Amino acid sequence: MRLDAGDAIAPGEGEKTISSIERNGGVQSLLRALSLLDALAENDDGQSLSALAKTVGLPLSSAHRLLTTLQRKRFVRFDPAGMIWRVGVQAFTDPEALARWFWPRRFQTLVTSDLRVGGRYRIDGSAGGLAVSGEYLELEAPRRLRFGWQWDGHWEMTEVNLALRASGHATVLRLRHAGFSDDSTRDQHDLGWSDCLERLPGWLLASAR
């Protein structure tokens, strides 16, 4: 991850690979769940259970178990008419999910979100004295999200770009936060994003079980 005072970022910088966390049974479940999301993201028309299982190399029972878990968490949805699975509209942007991992639990975070270009979000950690909000500028679920970022009580408006891509059996998250007026503010956000993203793999792991 890299945060820039200007607008430029070198290709390949700012990437975190989920598979870098230590290997165990739970992590394998996480990686398999992410593989299913990657496979669904490649086909806008959705895929059947058998096609998904074949694509990611899982038994039908394992693929179905992971898909139903992802469905409960609203990462995917099932179309009973066509018997196909699709990536959920709110994948990786669900307010309830974001509130669980974004800031420490003691902040008692509440998230509101109108997930559409021109819609707005708000992340309010009232117990921690923090709140940020902004407008969704670009949405290409589940691969890309771009939004404005402004802290309550501060004039500066910056911009966050999130991009996800498949990398073997892992998913790479690339985050770029740009538009800061000075390096000191940029560096503070660098530390803040590092702290936030450290909680993301643990939440994904718990969700995939």
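For every other residue with a beta carbon closer than 15 angstrom to the beta carbon of Ser61, add +1 if it is Lys or Arg and -1 if Asp or Glu, then tell me the sum. Local charge sum for Ser61: +3. Net charge of the neighbourhood of Leu130, taken over other residues with C-beta under 11 Å away and scored Lys/Arg +1, Asp/Glu -1, is -2.
Using the Cβ of Leu139 as centre and a radius below 12 Å, the other residues enclosed give a net charge of 0, where K and R count +1 and D and E count -1. One chain, two ends: Met157 and Thr68. Fully extended at 0.36 nm per residue, the span grows by 28.1 nm beyond their Cα-Cα distance.
Where a number appears in this text, it was derived from the coordinates with a stated rule and is not lab data. Predicted model only: the values in this text are computed from it and were never measured. Cβ sites come from the backbone with ideal geometry, for glycine too, and all protein chains shown count toward neighbours.
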